[in-house]
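The values are calculated or read from the model by the stated rules, or taken from the named source; none is laboratory data. Everything numeric in this text was worked out from a predicted model, so none of it was measured. As a convention, Cβ positions derive from the backbone with ideal geometry for all residues, glycine included, and neighbour counts pool all protein chains shown.
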Amino acid sequence: MFSNRGKDLLGLENLDKKDLQVILDSVEPFKSLFTRSVKKAPTLIGKTVVTLFYEPSTRTRTSFEIAAKRLSADVVNIAVSTSSVVKGESLIDTGKTLEAMKADYIIIRHYLSGAPDMLARNLNASVINAGDGFHEHPTQGLLDLYTVYEKKKKFEGLKVLLVGDILHSRVAKSNIWALTKMGAEVSVVGPPTLIPRNIEELGVKVFYNLDEAIKKVDVVNILRIQLERQQENLFPSVHEYVELYQLTNEKLMRAKSDVLIMHPGPMNRGIEISSDVADSQNAVINEQVTNGIAVRMAVLYLLKKSGNSGNVSSN
Ligand code: CP
């Protein structure tokens, strides 16, 4: 279901509406575990999950670790900065080394788009993309999708606005693939230099003016300005960005009164979002984090169920 080989989750582009619905339907039983005193299931007992992050992370890496532990897997976290990667070991050799230790799942975050795909092609273990370059962040896309559905109970006709640095955002790409397939009306808004050319071809509307874009939307998903990925200055100043694109209570007046405010994190309070908005009743930013664990449990479970030819067996 997840990739041509059925063993990996590399992106949401290749999933269809039915696949996405199966994932959404699988989340609830895992989320219901969270209210029990023992939050564990034996689903992945005897399996080994390795996280291999070439970029910093708080939410995704921790969320995968908690998800895998709640499914009773053994979890190993590799700190790339203290691994043999710094001695020049290639990605594939690193992956093969982990596979030789019988890793069943490798969760990878990498600064290069396509790195998880390359790893997946060379290994029998299940590879899950935890964010690659500007390409995709599929489990973030899925947890955003689940949170929207949990709160709004539908996708068809729902107006979702993605705000900010669309160009550098793998979260935006995964959200666009998933939400448009489920029938939502997706728009993007940001400075022209931070909107990818031809993005309309993905079925989204493009705006450059936040006041115009935000009118009557049901969901606003605010993206972090990724200054670390910019090779050149793509807008005149942070001050100007704040003036034009920061989500404030004043800007929100134009959205629906029950608008859902989302942010994948990490947030830059006072830049893309005001503190008032981040802490408002309409914000579901912490709920997104909680849902991320249940969504990742569902993904680990479904990859096991989809039957892998390699280390992950379906028993
Ligand atoms: N949303 C997200 O990917 O956060 P982290 O970088 O903390 O994992």
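Among the candidates Ser57, Ser72, Ser83, which residue alone is more than 20 Å from Lys304 (Cβ to Cβ), in contact with a Ser or Thr (Cβ under 8 Å, 6 or more places away or on another chain) and either crowded, with 21+ Cβ neighbours inside 10 Å or polar (S, T, N, Q) (or both)?
Only one candidate qualifies: Ser83.
Give me the pairs, please: first residue somewhere in the stretch 130-151 and in a loop (DSSP other than H, G, I, E, B), second residue anywhere and away from the ligand (no atom under 14 Å from the Cβ), beta-carbon distance under 6 Å, and either six or more positions apart or on two chains.
Every condition considered, the pairs that remain are Gly133/Leu112; Gly133/Ser113; Phe134/Ser113; His135/Ser113.
Of the residues Ser81, Ser37, only one is free of Cβ contacts under 8 Å to residues at least 12 places away in the same chain, away from the ligand (no atom under 16 Å from the Cβ) and either over 29 Å from Lys154 (Cβ atoms) or assigned to a loop (DSSP other than H, G, I, E, B) (or both); which? Even if it seems obvious, please write down each step before you answer.
Numbers: Ser81 fails: away from the ligand (no atom under 16 Å from the Cβ).
Selected residue: Ser37, the only one of Ser81, Ser37 that is free of Cβ contacts under 8 Å to residues at least 12 places away in the same chain, away from the ligand (no atom under 16 Å from the Cβ) and either over 29 Å from Lys154 (Cβ atoms) or assigned to a loop (DSSP other than H, G, I, E, B) (or both).
Mind checking which helices (runs of 4 or more DSSP H) fall wholly inside the stretch 231-315 and carry at least 1 residues that are modelled with pLDDT of 95 or more, in the same structural domain as Asn124 (by TED's automatic domain parsing) and basic (Lys, Arg)?
285-305
Filter the stretch 86-95 for residues that are part of a helix (DSSP H, G or I) and surrounded by fewer than 15 Cβ atoms within 10 Å (Cβ to Cβ); which is farthest from the chain's Cα centre (by Cα)?
Lys87
Among the numbered criteria (1) among the small types (Gly, Ala, Ser); (2) assigned to a helix (DSSP H, G or I); (3) surrounded by fewer than 19 Cβ atoms within 10 Å (Cβ to Cβ), which one does Ala178 miss?
In the conditions (1) among the small types (Gly, Ala, Ser); (2) assigned to a helix (DSSP H, G or I); (3) surrounded by fewer than 19 Cβ atoms within 10 Å (Cβ to Cβ), Ala178 misses (3) alone.
Could you list, in sequence order, all residues of the stretch 237-267 that are touching a helix residue (DSSP H, G or I) at 6+ places or on another chain (Cβ under 9 Å) and either within 16 Å of the ligand (Cβ to nearest atom) or among the basic types (Lys, Arg) (or both)?
Passing the criteria: Lys251, Arg254, Ile261, Met262, His263, Pro264, Gly265, Pro266, Met267.
For Asp165, work out the one condition from (1) modelled with pLDDT of 95 or more; (2) more than 27 Å from Ala67 (Cα to Cα) it doesn't fulfil.
The number of the failed condition is (1).
When you scan the stretch 102-120, do you find a residue that is touching a residue at least 60 places away in the same chain (Cβ under 8 Å), assigned to a loop (DSSP other than H, G, I, E, B), on the phi > 0 side of the Ramachandran plot and surrounded by fewer than 24 Cβ atoms within 10 Å (Cβ to Cβ), even just one?
Yes: one or more hits.
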